[in-house]
């Protein structure tokens, strides 16, 4: 077995200036209440980013950092380490030679996992460090986003009485029949599979797009869209209808855009989901926005803002007058930035009231107001009440 370096992550983060001793102590206390490793907890709570940890560990321990261009996905390696072993030890195989297997790990200092893998594969293991999102993408690509999709397809084919292609494009599908079908276990499992994989990869959006003869499913991670394994075209109607049902949309309306929302819980995390549909020539296109409300609010430093720009914004935001506009396209980080600014001024001597649609992150000691147009709570009515 290879000799392993036993240096602790917390020590390295303090030595590298990414954490103070007080922050490390606070994080250690908090992470013991969860099932997460310390690094995962630090990223979830916003102390550091996954890339910061990977960069630091790579430099301090002379461990190579994972690069997708250097390690193209080799599907044959999924036979070397099966999915249950990869999940248990949180690894993904990258490349194998006769006597060496290189794997990607979020925690390459997990000596027990490395040793167990050497015993399991009867091969020396060399680890490169990656982020949680990169590992989830690798595992999803190697082992498939939809585990057991063949069995799901079979169940759905049996459940269908009509030809799938006819139902897919027909305007005469009975709404009652469709409502029954989207509650059946195969459809539910398939939709759950898509959502859970997106959450694991840290995706901000999921795009489900019907093409002429196939379906394209893409996840947006770190601002970039990438394709993931997709179900056959025959399933698109049921998948979209299931998501529309969860979102309280009208499944009978497929020719006009609709918006909806719902919430799921995964690994003790609450995920707010917003959905929108758009009719296209090949069927309904759906975009799903995922918001992990447990991920915490980042500081301006953690957003990667230059020191000069950060200082300018902090000087402006502490003034008791004026207006700050946060503008940009969807998904560019407007809300994230605003929450970071609120975190700076959230002090006992300042009364803060927000109007939001929806409330994305819950912040203590801030009066956050959720719009409810049906109940008459609009921006105008709320603002009038606050300024009285």
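The values are calculated or read from the model by the stated rules, or taken from the named source; none is laboratory data. The model shown is predicted, which means the values in this text are computed figures rather than measured ones. Reconstructed Cβ throughout: ideal geometry from the backbone, glycine too, with neighbour counts over all protein chains shown.
Annotation for the range 271-279: at least one member residue is without any contact (Cβ under 8 Å) to a residue 40 or more places away in the chain, assigned by TED's automatic domain parsing to the domain that holds residue 213 and under 19 Å from residue 193 (Cβ atoms). For the range 51-59, the condition of being more than 28 Å from residue 15 (Cα to Cα) and surrounded by 17 or more Cβ atoms within 10 Å (Cβ to Cβ) holds for none of the residues. Here is the figure for the range 54-73: residues that are touching a residue at least 60 places away in the same chain (Cβ under 8 Å) and either in a loop (DSSP other than H, G, I, E, B) or out of contact with any helix residue (DSSP H, G or I) (no Cβ under 8 Å at 6 or more places or on another chain) (or both) total 7. So is residue 161 outside any strand (DSSP E or B), exposed (fewer than 14 other Cβ atoms within 10 Å of the Cβ), modelled with pLDDT under 80 and in the same structural domain as residue 270 (by TED's automatic domain parsing) or not? Answer is yes for this residue.
Does the range 188-197 contain any residue that is out of contact with any strand residue (DSSP E or B) (no Cβ under 6 Å at 6 or more places or on another chain), assigned to a strand (DSSP E or B) and not assigned by TED's automatic domain parsing to the domain that holds residue 134? Looking through the range 188-197, none of the residues is out of contact with any strand residue (DSSP E or B) (no Cβ under 6 Å at 6 or more places or on another chain), assigned to a strand (DSSP E or B) and not assigned by TED's automatic domain parsing to the domain that holds residue 134.
Residue-by-condition table, conditions (1) under 30 Å from residue 17 (Cα atoms); (2) without any contact (Cβ under 8 Å) to a residue 24 or more places away in the chain; (3) in contact with a strand residue (DSSP E or B) (Cβ under 6 Å, 6 or more places away or on another chain); (4) outside the structural domain of residue 266 (by TED's automatic domain parsing):
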site	(1), (2), (3), (4)
299	yes, no, no, yes
333	yes, no, no, yes
342	yes, no, no, yes
347	yes, yes, no, yes
368	no, yes, yes, yes
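Residue 104 meets all of the listed conditions (1) over 30 Å from residue 343 (Cβ atoms); (2) outside any helix (DSSP H, G or I); (3) touching a residue at least 40 places away in the same chain (Cβ under 8 Å) but one, namely (3). With the condition kept exactly as written, say whether any residue in the range 36-52 is without any contact (Cβ under 8 Å) to a residue 24 or more places away in the chain and within 25 Å of residue 197 (Cα to Cα). Yes: the range 36-52 contains one or more residues that are without any contact (Cβ under 8 Å) to a residue 24 or more places away in the chain and within 25 Å of residue 197 (Cα to Cα).
Yes/no per residue for (1) over 31 Å from the mean Cα position of the chain (by Cα); (2) more than 19 Å from residue 294 (Cβ to Cβ):
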{"position": "342", "(1), (2)": "no, no"}
{"position": "357", "(1), (2)": "no, yes"}
{"position": "372", "(1), (2)": "no, yes"}
{"position": "384", "(1), (2)": "yes, yes"}
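Checking each residue in the range 254-300 for being modelled with pLDDT of 85 or more, crowded, with 17+ Cβ neighbours inside 10 Å and not in a strand (DSSP E or B) picks out 254, 282. The single condition among (1) exposed (fewer than 12 other Cβ atoms within 10 Å of the Cβ); (2) assigned to a loop (DSSP other than H, G, I, E, B); (3) at pLDDT 85 or above that residue 326 does not satisfy is (1).
Only one of the numbered conditions (1) surrounded by 16 or more Cβ atoms within 10 Å (Cβ to Cβ); (2) within 23 Å of the chain's Cα centre (by Cα); (3) free of Cβ contacts under 8 Å to residues at least 60 places away in the same chain is violated by residue 84, and that is (1).
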